[in-house]
Amino acid sequence: MKPTRLVLLVTVFYALHQDVWFWRAARPLVFGFLPIGLCYHACYSVAAAGVLWLLVRYAWPGYLETRAQGDALIPALVVFCYLGVVFYIGIFAFRRSTGREGAEDFFLAGRSLGPFVFSAVDVRNEHDGVHHTGIFGGA
């Protein structure tokens, strides 16, 4: 695949991340329970995995693969531990949120976040494009 097509794909994909059409809409609910904005970002995340696969498949520098490829167990353990923690947090949050209904509680965490957590989430969202597309000129 040509590098210009990959650059165009990443540029279009970056533009699609800014979903201004779902900013203020919690309805319609996909599958009867999933707000449309959240469903869009879930599908976007799956598509991001596909775009990153294409980038690794066709634009990955070959000299990086010549290094030693042992010790693959440690990164796998870290990933599975991380997924376990995320799963536990999801169960804990679900049990804590029983009895609360509505999109406002879902999107705003019941307005129970402090300014530090809100600021951390805001900074993370601002840098989300860099995580999906990479730092331009970093290669």
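Assorted remarks:
- From the list Leu34, Leu6, Leu29, the one residue that fits, being surrounded by 10 or more Cβ atoms within 10 Å (Cβ to Cβ), modelled with pLDDT of 85 or more and aliphatic (A, V, I, L, M), is Leu6.
- Residue within segment 88-95 that is aromatic (Phe, Trp, Tyr), at pLDDT 85 or above and within 30 Å of Leu113 (Cβ to Cβ) present: yes
- All positions within segment 10-19 that are aliphatic (A, V, I, L, M) and closer than 13 Å to His41 by Cβ: Leu16
The values are calculated or read from the model by the stated rules, or taken from the named source; none is laboratory data. Keep in mind that this is a model prediction, so the values were computed, not measured. Quick reminder, even Gly has a Cβ in these numbers, built from the backbone with ideal geometry, and neighbours come from all protein chains shown.
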